[in-house]
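Enquirer: Below you'll find the structure I mean.
The values are calculated or read from the model by the stated rules, or taken from the named source; none is laboratory data. Not measured: the values here are computed from a predicted model. Cβ: placed from backbone, ideal geometry, glycine included. Neighbour counts: every protein chain shown. Surface accessibility is based on the protein's heavy atoms, side chains included, excluding ligands, DNA and RNA. Shrake-Rupley method; radii C 1.70, N 1.55, O 1.52, S 1.80 Å.
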Amino acid sequence: MSRAHHQAPGRRRPRTPRRLVPRLLTGSILLVFLVFFVLPVLWLVLAATKTDQQLVHGNPLSFGSWHAFKANWDGLTAFQDNAVLQWLGNSTLYAVISLVITLCVAVPAGYALAMTEFRGRHTLLVSTLVVMLMPTATLVVPLFLEINAVHLIGTMWSIILPYSFYPFGVYLTYIYFTTAVPKDLLAAARMDGCSELGVFRHIALPLATPVIALVGFFSFVANWTNYFLPYVMLPESDQMPIQVGVGSLLSNVPSFNPAVGTLAIERPQLALATLLAITPVLIVFLFAQRFLVSGMLAGATKE
């Protein structure tokens, strides 16, 4: 046999095209994420370190100076006597109180729907699912009429009570208790004489830590980023959360409102206010990341 027809053992033809396509696809996806998600955030961070002229005419991805950052901070906090810090405090108050109420209601409700059979249970589940799928903005007008009927417009409860109504949390905990909690373990506790409340407190609740963290995170983010509801419910500036406050700042930027007077806000100060608005969500995500991953994976397989 000639050497031309003989192939040395152990040698394989390189499969460059087959390996190149997945790499190109992966690189393209990463590039898209970089352009649409990473670069805007980077620009926002760097914008807070510049003067207004540097932001408009300078390199968009260059660092300004700490002196400009300090000047932007002073100008932002001087707006309406530290109104930005008050807006942050309002957002924290509304989000935290409604989060506590949500967890106290959604988790027991999901457990009850998963573990008990009663008349109207299926209808209640379907109603919860339908409300969960409805856009939040569609409920603002009916909620306004209800809150106005009990004379709570302009109070913090006009925000906290609607925030606490979180059907997605109920449905998420229902799915978790249905699929991820061993029924035999709960039945054994009942046979040992534990009441249903005791089973929930001592058995089901400790096992539900991942889904509680998941519901808490989603609820906090939804409450913190809500704009339309507090915009309608709260007429006074000192009651605004940070999201509505940033919208108020936007109307005081001369580039967007040429008729603005002495309370003008420059664009780097607006970028700094936006950073303040998104930082709490980022901090909560970093601290709750481990629980979020386990909560998303829990219930993926049945017992």
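Enquirer: How much of C104 can a 1.4 Å solvent probe reach, expressed as accessible area in Å² and rounded to 10?
Expert: 90 Å²
Enquirer: Sorting I283, I147, I203 by accessible area (1.4 Å probe), largest first, what list results?
Expert: Highest to lowest solvent-accessible surface, that is I283, I203, I147.
Enquirer: Collect residues whose amide H, placed 1.01 Å from N in the peptide plane, falls under 5 Å from the amide H of V253; neighbours closer than 5 in sequence don't count.
Expert: The list, which skips near neighbours in sequence, is I265.
Enquirer: With every protein chain kept in place and ligands, DNA and RNA left out, what is the accessible area per residue of segment 115-229? Probe 1.4 Å, answer in Å².
Expert: On a per-residue basis, 55 Å².
Enquirer: Moving on. For segment 130-253, just say rounded, prolate or oblate: build the C-alpha gyration tensor, square-root its eigenvalues into a ≥ b ≥ c, call rounded for a/c under 1.5, and beyond that prolate if a/b exceeds b/c, oblate if not.
Expert: Prolate, because a/c is 1.5 or more and a/b exceeds b/c.
Enquirer: Another one. When the Cα centres of segment 207-238 and segment 143-180 are compared, how far apart do they sit, in Å?
Expert: Their Cα centres are 10 Å away from one another.
Enquirer: Using the Kirkwood radius built from alpha carbon pairs, what does the Stokes-Einstein equation give as D for the chain at 37 °C and 0.692 mPa s, in µm² per second?
Expert: In µm²/s, the coefficient rounds to 139.
Enquirer: In terms of solvent-accessible area of protein heavy atoms at a 1.4 angstrom probe, what is the ranking of V45, V246, highest value first?
Expert: The residues order as V45, V246, largest area first.
Enquirer: Carbon-plus-sulfur fraction of the accessible area of segment 118-276, 1.4 Å probe, in percent?
Expert: Of all accessible area on segment 118-276, carbon and sulfur atoms account for 67 percent.
Enquirer: Continuing with the same structure: Under a 1.4 angstrom probe, counting protein chains only, how are R23, R190, R119 ranked by accessible area, largest first?
Expert: So the residues, ranked largest to smallest area, are R119, R23, R190.
Enquirer: Scan the chain and note any complete DSSP helix (H) whose C-alpha atoms cover at least 15 Å along its axis and whose Kyte-Doolittle average is 1.0 or more.
Expert: 83-115, 121-133, 209-225, 267-297
Enquirer: Note down the magnitude of the dipole of the chain about its Cα centre, charges +1 on Lys and Arg C-beta and -1 on Asp and Glu C-beta and zero elsewhere, to the nearest 20 debye.
Expert: Here the size comes out at about 2260 debye.
Enquirer: Which percent of Cα pairs goes in each bin when the distances of segment 195-234 are cut into 10 angstrom slices starting at zero?
Expert: For segment 195-234, the binned pair fractions read 26, 29, 23, 18, 4 percent.
Enquirer: Grab the DSSP H runs of the chain that are 4 residues or longer, score each as -39,500 (n - 2.57), total them, divide by all residues and round the 222 nm result to the nearest 500 deg cm²/dmol.
Expert: -21000 deg cm²/dmol, from helical runs alone.
Enquirer: Something else about it: Go ahead and run the numbers for FRET between V45 and V100, Cβ-Cβ distance against an R0 of 25 Å, rounding to 0.05.
Expert: Efficiency, rounded to the nearest 0.05: 0.20.
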